[in-house]
1. For Arg54, what accessible area in Å² do you get when you roll a 1.4 Å probe over the heavy atoms of the protein chains, rounding to the nearest 10?
2. With the crude spin-label approximation of a point 7 Å out along Cα→Cβ, what separation in nm comes out for Phe43 versus Ile129?
3. Once you put a point 7 Å from the Cα of Asp163 and another 7 Å from the Cα of Leu150, both along the Cβ direction, what distance in nm separates them?
4. Peptides 58-64, 117-123: what's the order by average Cβ count within 10 Å, highest mean first?
Amino acid sequence: EADVMAQALATLETGRPEIVRHTLNADVAGDIGLSCGGTVDLFVEPVFPGDEIRNLCARVAEGIEAREQVAVCTSLAGAEQRTLKAVYWGKEIVVTSGERVWPAGSSLWDARHSNTYVDENHKVFVERIPRLPRVLIFGAGHVGVEIARLAAASGFYVLIADDQIGRAHV
């Protein structure tokens with residue numbers, strides 16, 4: 001934890017995001033009472049309050065609300081001014097410095113990648129925000145309403161279709 005905190009403080013000083021590798025070998029892990037060692041890559045990014053980050057968060061929230069595919073890309077190229085942008089269904093929305101991070105025609109949604117990955121070719125850290133899974137419930141009677149509450153509490157985007165109420169979102 002101390003190493004990770006030191007790395008985070010270093011990124012605050014440089015103002016640039018960084019991928020850092022932390023390794024805890026089995027000998028050290030055993031000495032400090034942990035069950036195992038291991039290696040983890042961490043994305044450490046300084047985030048400062050201001051209009052840019054507020055705009056980014058608003059764009060991401062709009063995409064989530066509209067159930068669009070959203071990704072936040074962070075340049076790792078070492079430029080003085082890092083660039084973040086939100087991407088919806090292939091439409092680019094630049095929300096910070098205005099430079100192009102992701103080349104036109106490239107796909108952020110390549111199935112070979114997990115929801116967070118580093119594109120080594122373009123030196124970009126990609127955070128894809130998946131859409132909530134959708135459940136459609138037919139009937140808004142007492143059973144349908146309880147299923148809707150349970151599904152919503154479990155993280156589903158809930159649609160209810162009922163001839164009495166038409167269609168409702170939960």
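1. Only protein atoms counted, so the area is about 140 Å².
2. 1.3 nm
3. For the pair Asp163/Leu150, the computed spacing is 2.6 nm.
4. My ranking of the peptides, most packed first, is 58-64, 117-123.
The values are calculated or read from the model by the stated rules, or taken from the named source; none is laboratory data. Quantities reported herein were computed from a predicted structural model and do not represent experimental measurements. Here the Cβ is made from the backbone with ideal geometry for all residues, glycine too, and neighbour counts use every protein chain on show. What goes into the accessible areas is simple: the full protein's heavy atoms, side chains included, and nothing from ligands, DNA or RNA. Shrake-Rupley method; radii C 1.70, N 1.55, O 1.52, S 1.80 Å.
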